[in-house]
Amino acid sequence: MSATTLSSWGQYPAFPQAARPCFWRSELSTNLKQLINQFGNTLAYGNGRSYGDSCLASSDHVLATRGLNRFIAADWQNGIIRAEAGVSLAELLQLSIPQGWFLPVTPGTQYVTLGGAVANDVHGKNHHVRGTFGCHVRCFELLRSDASAQICSPQDHSDLFNATIGGLGLTGIISWIELQLLPIQSSLIQSYSTRFNNLAEFFQLAAEHDSQHEYTVAWIDCLAQGKHLGRGIFIYGDHAETGELAVHHKAKLTVPLTPPISLINSMSLRAFNTVYFHKHPPSLQHALVSYEPFFYPLDAISHWNRIYGKSGFQQYQCVIPSASAEAAVHALLQEIAAVGSGSFLAVLKRCGDVPSPGLLSFPLPGVSLALDFPQLEPLNTTLFSRMDSIVRAAGGRLYPAKDAHMSANDFRHFYPKWSSLESLRDPGLCSRFWQRVTLA
Amino acid sequence: MKKIVIIGATSAIAIACARLWAAEQSEFFLVGRHQDKLQQTSADLVARGAQAAHSYVLDLIDFQQHAAMLTQALQTLGQIDVILIAHGTLPDQHQCEQDVHYALQEFNNNALSVLALLTPVANHMAQQGFGTIAVISSVAGDRGRGSNYLYGSAKAAVTTFCEGLRARMFKVGVHVLTIKPGFVATPMTADLNLPAKLTVSPEVVAKDIVQAIAKRKDVLYTPWFWAWIMKIIIHIPRGIFKKLKL
Ligand SMILES: Cc1cc2nc3c(=O)[nH]c(=O)nc-3n(C[C@H](O)[C@H](O)[C@H](O)COP(=O)(O)OP(=O)(O)OC[C@H]3O[C@@H](n4cnc5c(N)ncnc54)[C@H](O)[C@@H]3O)c2cc1C
Ligand SMILES: NC(=O)c1ccc[n+]([C@@H]2O[C@H](COP(=O)([O-])OP(=O)(O)OC[C@H]3O[C@@H](n4cnc5c(N)ncnc54)[C@H](OP(=O)(O)O)[C@@H]3O)[C@@H](O)[C@H]2O)c1
């Protein structure tokens, strides 16, 4: 077994994971059984882009699936691709863009695997029109320690299909996935951005643009207070109708090592956020940009998670139903601004009502707020518990893919179908997250 | 569009090279010892743009079958623009010290099977009068280390053989490339505790290999810093070298 250990993106909580890398589908079953026999349980680990403990095995021994990076079949007539679960979204785009196909749904980083995208049923800037990633999955192969491989689809083994989408890796190891892609004429994006001065203006902009554009998202200055509370930049865009079909290859910057303490503190944060807001002209801006800076601005700096230092950081992401969204987001931002913590980029996004097949899918019709916090105690615990009460009272919920703090009570309340997932869980698979929110 | 033969085509390094060539719509003849892995590799390359990827199952230790395999490759592809020889295993040095049979079997697989195969390959390439023979050796062949000298001596044999072959092939227009990777994260090294800072992905090495073939380089250290590391290691005096724990 390799001595290098893996962690989650937030590097908190610190449970170093020993990795058993798997390179061939034919070796999955043996590896799975060996790990379970040796350590009691295991969990698939894709590319570790989940922030908290949902990608960490409760035994601390994961089955690393990134080596399963083969394509199996590509139908460019119909935009249907079948690929192994360890293929990353970046690798898929590299192949599909020149053929005129894009991901139907993409999260804010292209360095996640197909398996990870299914297991967290990820969403993107077009949730209001296309729903989650799982809505576009045609079928996949699932390997369990207690059964032979099964092909799951909305028609076959639909209970396992639904439980695996957003199933947090607990229903089995996905060996391959077949996905319906989205046709594009160009890899360029017609991108527009405009400033808004407070939260009410965000809701107006969202109402105005969501119905007309494929992609919408907003960045907000989480430290602005008073009449500026919730000010930010609203960004919307669409695939350009003409132009190149080119894969973008930009030289990447990197954070080469982890500093002993976080470089993010309230001073650097306030300065950055203020500059970022004011740098944007007050008027509507338009640009024709490549897909990479539009969808994946953070990917331009590899290992950016290291700037938070050795203690790591947590992301807080919640979604609030439409009816209570404005008031609850207002209350959340007040709590955050009052303590002066938070991140460079707080992201606000309206989610739509396209239903996902996933049992434990996170989004619901309403508004999602996401932001990062350096790992500081007791600050995070007290702040998060105040924020959790706001989310709970507003009928919202938290996103397991980002979570390192949700209480067991909250989880069961947010995801009442958790017991159906528990009954379909592969007894040999368990995460630190699942142990924390259901078994503890 | 190139016609490419890959020996040990299920190697992670070879696959990473093949993916770069697949993007240029090359046609492949893939040789390996496991049918299912070959089939998966072939499907992957076709999805990535390969013109075609034919599989041929052969355990390279079976020297008798090399010629038949080569004939089949030529029948399938018509000509060979590049032949990449990538198969190999990393023996357990301790076991080699205790078990002669095992040691020789490993030497056979890493050295003799390569020399055996290169013999008919070289004759065909000489007759063809163009193309590249690229062979994956290793930095481990540059010096015999206490921890790894069976593998090292097998790679040294390959390196020296290729150097001589290059001199012969140069005169008939055939390019011979000796590839010496450092630490690469592949199934072969998955169980080892490699130094993270010196270890690269197969994709990094593959880029160098594909470029070295295009530029008709003689010897490639990959990544580049291994050329410097090995310059130093080669010059460590024997009296000191034998005391080191390498
Ligand atoms: C910068 C950044 C931006 C992000 N933006 C978004 C966003 O906009 N929207 C969003 O929804 N998410 C977002 N995320 C979160 C990310 O998309 C998810 O956490 C995703 O699941 C990570 O995928 P991964 O391949 O890294 O998987 P991991 O994090 O390694 O694992 C995630 C889960 O998938 C399971 N899993 C992985 N492979 C398999 C398999 N083969 N079979 C079964 N289970 C498997 C694991 O067990 C685990 O439960 C973002 C993350 C980052 C770092
Ligand atoms: N990884 C490194 O750090 C490193 C460093 C220097 C040099 N190298 C060299 O690079 C080459 C490729 O290795 P890799 O790192 O890519 O490892 P790898 O993925 O394990 O590839 C080795 C491949 O060789 C195949 N093989 C071994 N013996 C064979 C035989 N007798 N007949 C047919 N196929 C055989 C194996 O096939 P099966 O999978 O079917 O067993 C395997 O696919 C090797 O020559 C290795 O010595 C590697």
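A few points about this structure:
- In this structure the amide hydrogen of A:Leu68, modeled in the peptide plane, comes within under 5 Å of the amide hydrogens of A:Gly86, none closer than 5 places in sequence on its chain.
- Computed from backbone phi with θ = phi - 60° and the Karplus coefficients 6.51, -1.76 and 1.60, the 3J(HN,Hα) list for segment B:134-146 is 10, 10, 8, 9, 6, 4, 4, x, 7, 7, x, 9, x Hz; x is used for glycine and proline.
- Across the options A:Leu284, A:His303, A:Val329, the greatest Cα extent toward the positive end of the charge dipole of chain A (unit charges at beta carbon of Lys, Arg, Asp, Glu) belongs to A:His303.
- Note on A:Lys125: aspartates and glutamates with a C-alpha under 12 Å away, same-chain residues under 8 apart excluded, are A:Asp210, A:Glu214, A:Asp238.
- Computed over segment A:188-407: relative contact order in percent, which uses C-alpha pairs under 8 Å that are six or more apart: 26 percent
- For segment A:212-282, applying the loop criterion from DSSP together with a ceiling of 13 other beta carbons within 10 Å to the trypsin sites (Lys or Arg not before Pro) yields A:Lys250, A:Lys252.
- Count of lysine pairs in segment A:188-407 with Cα separation under 25 Å (8 or more residues apart, or interchain): 9
- Counting, for every residue in B:192-201, the Cβ atoms of other protein chains within 10 Å of its Cβ and taking the mean gives 1.
- Vicinal HN-Hα couplings computed from phi for segment A:325-336 (Karplus, 6.51 cos²θ - 1.76 cosθ + 1.60; Hz; Gly/Pro x): 4, 4, 5, 5, 5, 4, 5, 5, 5, 5, 4, 5
- C-alpha long axis of helix B:66-77 to longest principal axis of chain B, angle in °: 40 degrees
- In order along segment A:50-60, the Karplus-derived 3J(HN,Hα) couplings, from 6.51 cos²θ - 1.76 cosθ + 1.60 at θ = phi - 60°, round to 7, 7, x, 10, 6, 9, 10, 6, 5, 7, 6 Hz, and Gly and Pro are given as x.
- For segment B:140-246, the list of chymotrypsin sites (Phe, Trp or Tyr not before Pro) that fall in a loop by DSSP and count at most 12 other C-beta atoms within 10 angstrom reads B:Trp224.
- Computed about the Cα centre, the dipole magnitude for the protein assembly as shown is approximately 1920 debye when only Lys and Arg (+1) and Asp and Glu (-1) carry charge, each at its Cβ.
- Interchain or long-range residues, amide H under 5 Å from A:Gly309's placed H: A:Leu263
- Residue by residue along A:63-69, Cβ atoms of other protein chains within 10 Å of the local Cβ number 2 on average.
- Exposed trypsin sites (Lys or Arg not before Pro) absent: longest stretch of chain B, with sites in DSSP loops and at most 11 other Cβ within 10 Å deemed exposed: B:1-170
- The protein assembly as shown - share of DSSP beta bridges that are antiparallel (%, nearest 5): 60 percent
- Pairwise Cα distances in segment B:3-241 exceed 33 Å for 13 percent of all pairs.
- Filtered chymotrypsin sites (Phe, Trp or Tyr not before Pro), segment B:71-132: DSSP coil and at most 13 other beta carbons within 10 Å: B:Phe130
- Charging the Cβ of each Asp and Glu at -1 and of each Lys and Arg at +1, and nothing else, the dipole of segment A:184-339 about its Cα centre rounds to 800 debye.
- The protein assembly as shown, helix-only ellipticity at 222 nm - DSSP H runs n ≥ 4, -39,500 (n - 2.57), divided by all residues, nearest 500: -10000 deg cm²/dmol
- The lysine pair tally for segment B:73-229, using Cα distances under 17 Å and a gap of 8 or more places or different chains, is 7.
- Only Lys, Arg, Asp and Glu carry charge here, each on its Cβ (+1 for the first two, -1 for the last two); on that basis segment A:287-440 has a dipole of about 240 debye about its Cα centre.
- Cα-based convex hull, the protein assembly as shown, per residue volume (Å³, whole number): 172 Å³
- Amide H within-cut-off set for A:Gln314, under 5 Å, with H built and near neighbours excluded: A:Phe373, A:Gln375
- The per residue volume of the convex hull around the alpha-carbon atoms of segment A:188-407 is 143 Å³.
Where a number appears in this text, it was derived from the coordinates with a stated rule and is not lab data. Please read these numbers as outputs of a predicted model, since none were measured by experiment. Glycine also receives a Cβ, built like all others from the backbone with ideal geometry; neighbour counts cover every protein chain displayed.
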